[in-house]
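The values are calculated or read from the model by the stated rules, or taken from the named source; none is laboratory data. Small disclaimer: the values here were computed from a predicted structure and weren't measured. Positions of Cβ are generated from backbone atoms using ideal geometry, with glycine treated the same way; all protein chains shown enter the neighbour counts.
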Amino acid sequence: IYLLLTRGLKISYNERQLNDIRQLADLLIRLNELMNEWKSINVEFVFFVKTNDIKQLHAMLYDIEFAHPIIIDYRNTFYSKNTLSEDKRFQTFLVNPDNEIILIGSPLNGNKMKNLYLQLINSNAEK
């Protein structure tokens with residue numbers, strides 16, 4: 001999953017396949033909560049997902065009432081163009097407007113990481 005922030009910063013979260021639809025649903029529910037929390041800082045999220053089971057993905061999105069854009073990466077282009085760690089702890093990035101990674105780790109992994117994201121997002125907005 002690839003998430004895009006409106007201020008020229010990007011957060012990317014990568015889910016290589018939908019092996020466990022419930023795990024993805026739980027992740028999207030948590031991300032939805034984060035998006036609601038970050039509405040005041042004008043954060044827009046766009047998701048890229050690689051799956052071969054579009055019907056299952058659509059059913060899951062409907063079930064959890066997930067109403068955000070999702071781009072389905074049929075050809076695995078995002079992953080083939082980026083070297084990504086197999087370790088999920090290192091599959092979420094904050095990227096500056098020049099597409100340089102400025103932070104690795106998910107804002108869902110605790111308040112310390114979420115606060116670091118907010119600090120970097122706010123400092124970049126001041127530039």
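Going through segment 103-113 one residue at a time, which ones are without any contact (Cβ under 8 Å) to a residue 24 or more places away in the chain and within 17 Å of TRP38 (Cβ to Cβ)? Correct list: LEU103, GLY105, ASN109, GLY110, ASN111, LYS112, MET113. Of all residues in segment 70-87, exactly one satisfies the criterion of being over 22 Å from ILE104 (Cα atoms) and loosely packed, with under 10 Cβ neighbours inside 10 Å, namely ARG75. Annotation note: of LEU24, LEU18, the sole residue that is touching a strand residue (DSSP E or B) at 6+ places or on another chain (Cβ under 9 Å), modelled with pLDDT under 85 and assigned to a helix (DSSP H, G or I) is LEU24. Considering segment 45-60 alone, what residues qualify as being under 19 Å from GLU33 (Cβ atoms) and either modelled with pLDDT of 85 or more or over 13 Å from the mean Cα position of the chain (by Cα) (or both)? The answer is MET60, and nothing else. Filtered by the rule that a residue be surrounded by fewer than 12 Cβ atoms within 10 Å (Cβ to Cβ) and farther than 17 Å from ARG30 by Cβ, segment 98-127 gives ASP98, ASN99, GLU100, ILE101, GLN119, ASN122, SER123, GLU126, LYS127.
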